Each structure stands twice: as C-alpha cells, then as structure tokens.
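To start, the structure under review is shown below, and the notes come after it.
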Amino acid sequence: MIHPSTLGSTMNQGGRAVISGNVLERTVETILQVHGYTEICRDLPKKRRREWLVYSKECLKRYAKQVYIGPGIYGTDIYVDFYIFDTVSIPAGLIVECKWQQSGGSVDEKLPYLNLNIQTCYPAPAVVLIDGEGMKKGAIAWLTKQVSSNPSAARQK
C-alpha cells in the first residue's frame, strides 16, 4: 500500500487525494472483513449491485462497493462508497460515505450536496466518515448539525 506522504511532488494534488481517499476506503473495507462481512456483487455492473445486495441470501453479513442507489437531487446518478447489510442487526442496510481532505480543496464544499442527497434520496441510513486535516473550519461542525434536521435520522431513533 502506498502511503500518501511518500508521494511527494511526483504526483499532482488530485492524484494524491485519490490515493488518500482509497486508503480510507480500504481501511473501512478491512474493518468490515474483520467483523465477518463479505463483499458480494463485485463483478456485477454498478447499477445492478443494489438489487442483488438487498435480496441476496448469499450471506447474512454482506456489503458492496460503489453501489448505484438512484438519481440525486440534480437528477444525476448516485453511487455510494459502501452499502452494508446484516440480516440480524441492520436489515434495512447502512450506507457509508468516505470523504478525505488532506489540504485545501473541494470536498468540504460538496458536503451540502451530500447532505441534501442523504436527506432526500438515500434509501437507508448513512454514515459519513471524514479524514484528513484539510477541511475548512466549521465544515464538520456544520455537517454534524444537519443530522438533527435529517428526517431519515429522526425515523431511526
């Protein structure tokens, strides 16, 4: 695994951000696997993964990556980082979104878009994992405050 700090000046900021984000996603995937979750649907087209994941009897604890969940607030396709199911503890599913921002950039500017999509378009509760030190001051606090106004979160309580 390549650590982002070893990339130096040989790669542009966007390239480093992609690798750093992949490190966060691989960390989530490792944690899922350690807890007995199995990735399914890997070879299916992204737009077919959700249906297979939701109705699969393949295993009780399962997840898929880059799952199409439908159109977002702009009418464009939404693909979530992880969609997780556990027949016993999370039968409705859980979506995990991974956001990495090591230096100043655009991820924190995308948080309002992500929040509105979670509130209006996501078919299951969602968790947003944020890592890195480049978020604008107040971005994470703003996103945290949105949870209390999220109708999906209120239904889960």
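Taking region 102-127, which residues are open to solvent by less than 40 Å² (accessible area, probe 1.4 Å) and either under 13 Å from the mean Cα position of the chain (by Cα) or within 20 Å of Y74 (Cα to Cα) (or both)?
V107, D108, L111, L114, N115, N117, I118, C121, Y122, A124, P125, A126
Among the residues of region 128-157, count how many are surrounded by 12 or more Cβ atoms within 10 Å (Cβ to Cβ) and at pLDDT 75 or above.
Matching residues across region 128-157 total 14.
Could you please find all residues in region 73-83 being open to solvent by 10 Å² or more (accessible area, probe 1.4 Å) and either more than 17 Å from I118 (Cα to Cα) or in contact with a helix residue (DSSP H, G or I) (Cβ under 7 Å, 6 or more places away or on another chain) (or both)?
I73, I78, Y79, D81
Cβ-Cβ under 7 Å, sequence separation 6+ or interchain: first residue in region 54-69 and open to solvent by 50 Å² or more (accessible area, probe 1.4 Å) and among the aliphatic types (A, V, I, L, M), partner in a loop (DSSP other than H, G, I, E, B) and at pLDDT below 95. Which pairs?
L60/T87; L60/V88
Given the structure, is S89 among the hydroxyl-bearing types (S, T, Y), open to solvent by 10 Å² or more (accessible area, probe 1.4 Å) and more than 20 Å from V127 (Cα to Cα)?
Criteria not met by S89.
Report the residue count in region 87-120 for those that are among the hydroxyl-bearing types (S, T, Y) and within 16 Å of P71 (Cα to Cα).
2
For residues that are closer than 23 Å to T27 by Cα and touching a helix residue (DSSP H, G or I) at 6+ places or on another chain (Cβ under 9 Å), tally how many sit in region 123-138.
Total meeting the criteria: 10.
So, of the residues in region 1-42 that are open to solvent by less than 50 Å² (accessible area, probe 1.4 Å) and in a loop (DSSP other than H, G, I, E, B), which turns out to be modelled with the lowest pLDDT?
The selected residue is L7.
The values are calculated or read from the model by the stated rules, or taken from the named source; none is laboratory data. These figures come from a predicted structure and were not determined experimentally. Cβ coordinates were reconstructed from backbone atoms using ideal geometry, including for glycine residues, and neighbour counts include every protein chain displayed. To get the accessible areas, we keep the full protein, side chains included, count just its heavy atoms, and leave off ligands, DNA and RNA. Shrake-Rupley method; radii C 1.70, N 1.55, O 1.52, S 1.80 Å.
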